[in-house]
Amino acid sequence: MSAPTPNPVVAPDHVLALLDRLHQESLTQEAALPSTYLASGGFDDLMRDKFIALDQDKSQFVYQLARATGARNIVEIGTSFGVSTIYLALAVGSNLDNLGGEGKVIATEKEHTKAEKARQYWQEAGNDLVTRHIDLREGDLLETLTKDIPQIDLILLDIWAPVALPALKLLEPKLRSGGVVILDNSISSATRYKELLEHLRSPKNGYTNLTLPYSKGLEMSVKL
Ligand SMILES: C[S@@+](CC[C@H](N)C(=O)[O-])C[C@H]1O[C@@H](n2cnc3c(N)ncnc32)[C@H](O)[C@@H]1O
């Protein structure tokens with residue numbers, strides 16, 4: 001029997017158990033979605049009570065990346081019920097403990113009911129470990145991200161396709177040299193993210209790009 005794969009996330013057992021539980025709930029919901037859901041009308045209504053959480057292996061990768069790069073300021077484009085946010089907050093908290101300085105995870109969610117639920121899960125994880133490292137901006141991110149943005153180390157794009165490129169363009173002036181942009185589903189949704197991928201991969205925009213072979217793809221772009 002092969003050894004279990006290691007989990008890089010440093011957190012108490014109750015937080016690891018919470019993450020396992022939330023990922024499982026998200027997968028159960030997604031399995032019950034109609035196969036045509038991406039093309040269906042009323043998309044926002046359908047998604048209002050759905051996690052659509054970043055896969056657990058991808059979340060662990062993003063955590064590991066944030067730790068490796070000592071990320072202090074991270075912007076999460078698309079928070080939903082706040083699962084990936086927990087990973088980012090744990091990473092930022094550990095980085096601040098080890099490296100000093102200040103930092104936050106700027107989280108974004110337009111649905112009030114989802115933002116409320118995210119806050120509940122963060123409190124379940126713990127204020128010191130998670131909640132205090134998060135600045136949740138409720139509302140349309142194209143409005144909530146127009147001010148008070150620090151220099152950014154990492155951007156996680158896990159969002160409906162039409163808003164992804166406008167969001168990145170809004171944040172680009174604050175993305176530091178060497179900063180990283182992660183885009184979920186860069187293989188399975190390559191058509192829907194066509195303009196965003198063209199932007200990231202155009203030499204004139206100054207990114208190096210790598211498609212990581214996770215299920216459905218995960219694009220990692222580094223701003224030079
Ligand atoms: C794929 S989910 C994010 C999942 C989350 N990263 C996680 O791993 O738990 C995308 C979220 O973005 C939100 N969203 C979509 N358009 C938005 C906008 N313009 N402003 C803010 N949030 C938006 C949706 O309501 C949805 O909850």
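Dipole magnitude of the chain about its Cα centre, charges +1 at Lys/Arg Cβ and -1 at Asp/Glu Cβ only, in debye to the nearest 20? Mind dumping the intermediate values first?
Details: 23 positive and 29 negative charges, 132 e Å.
Charge dipole, the chain, about its Cα centre: 640 debye, nearest 20.
If you place +1 on the Cβ of every Lys and Arg, -1 on the Cβ of every Asp and Glu, and leave all else neutral, what size is the dipole of segment 112-187 about its Cα centre, to the nearest 20 Debye? Display every interim value, and only then the final one.
Numbers: 9 positive and 12 negative charges, 24 e Å.
With only Lys, Arg, Asp and Glu charged at Cβ, the dipole is about 120 debye.
On a full-extension model of 0.36 nm per residue, what is the gain between H112 and L33, subtracting their alpha-carbon distance, rounded to one decimal in nm?
Details: separation 79, 0.36 × 79 = 28.44 nm, distance 2.20 nm.
Using 0.36 nm per residue and subtracting the Cα-Cα distance, I get 26.2 nm.
Of all GluC sites (Glu not before Pro) in segment 28-122, which ones are in loop regions per DSSP and have a Cβ with at most 10 other Cβ atoms within 10 Å?
Counting only loop positions with at most 10 other Cβ atoms within 10 Å, the GluC sites (Glu not before Pro) in segment 28-122 are E102.
Identify the residues of segment 78-121 with backbone N under 11 Å of a label point that sits 7 angstrom from the Cα of D49 along the Cα-to-Cβ direction, or state none.
none
Please report, as a whole percent, how much of the solvent-accessible surface of segment 101-224 comes from carbon and sulfur atoms (probe radius 1.4 Å). Intermediate values should be presented prior to the final figure.
Numbers: 3170 of 6070 Å².
The C+S portion of the solvent-accessible surface of segment 101-224 is 52 percent.
Leaving ligands, DNA and RNA out of it, report the carbon-plus-sulfur percent of the accessible area of segment 4-99 at a 1.4 Å probe.
Details: 2300 of 4210 Å².
The value for segment 4-99 is 55 percent carbon and sulfur by accessible area.
In what sequence, highest mean first, do 125-138, 3-16, 50-63, 164-177 appear when ranked by Cβ atoms within 10 angstrom? Working shown, then result.
Details: 125-138: 18.6, 3-16: 12.1, 50-63: 21.0, 164-177: 16.6.
With the highest mean Cβ count within 10 Å placed first, the list reads 50-63, 125-138, 164-177, 3-16.
For the chain, what is the accessible area per residue in Å², given a 1.4 Å probe and the full set of protein chains?
Working: 10720 Å² over 224 residues.
Roughly 48 Å² per residue, with all protein chains present.
I'd like the distance between the alpha-carbon centres of segment 75-112 and segment 135-181, rounded to an integer number of Å.
Going from one Cα centre to the other spans 13 Å.
Once you order the gyration tensor axes a ≥ b ≥ c over the Cα atoms, which shape class does segment 141-186 get: rounded for a/c under 1.5, otherwise prolate or oblate by comparing a/b with b/c? Don't skip to the end; give the middle numbers.
Numbers: a/c = 2.29, a/b = 1.16, b/c = 1.98.
Oblate.
Net charge within 15 Å of P4 by Cβ-Cβ distance, Lys/Arg positive one each and Asp/Glu negative one each, not counting P4 itself?
Values: positive: none; negative: D20, D57.
Taking every other residue near P4 into account, the sum is -2.
Please list 81-87, 155-161 highest first by mean number of surrounding beta-carbon atoms within 10 Å per residue. All intermediate terms of the calculation are to be shown ahead of the outcome.
Working: 81-87: 28.3, 155-161: 21.7.
Most protected by this proxy first, the peptides run 81-87, 155-161.
What translational diffusion coefficient, in µm²/s and rounded to a whole number, does the Stokes-Einstein relation yield for the chain at 37 °C and a viscosity of 0.692 mPa s, taking the hydrodynamic radius as the Kirkwood radius over Cα pairs? Before the final figure, lay out the partial values.
Working: Rh = 17.7 Å.
Using the Kirkwood radius from Cα pairs, D works out to 185 µm²/s.
Given axes a ≥ b ≥ c from the Cα gyration tensor, I'd like to know whether segment 98-157 is rounded (a/c under 1.5), prolate (a/b larger than b/c) or oblate. Don't skip to the end; give the middle numbers.
Details: a/c = 2.42, a/b = 1.05, b/c = 2.29.
In terms of gyration-tensor shape, oblate.
The values are calculated or read from the model by the stated rules, or taken from the named source; none is laboratory data. None of the values given here were measured: they were computed from a predicted structure. All Cβ positions, even for glycine, are placed from backbone atoms using ideal geometry, and neighbour counts span all protein chains on display. Note: accessible area is taken over every heavy atom of the protein model, side chains too, but ligands, DNA and RNA are not part of it. Shrake-Rupley method; radii C 1.70, N 1.55, O 1.52, S 1.80 Å.
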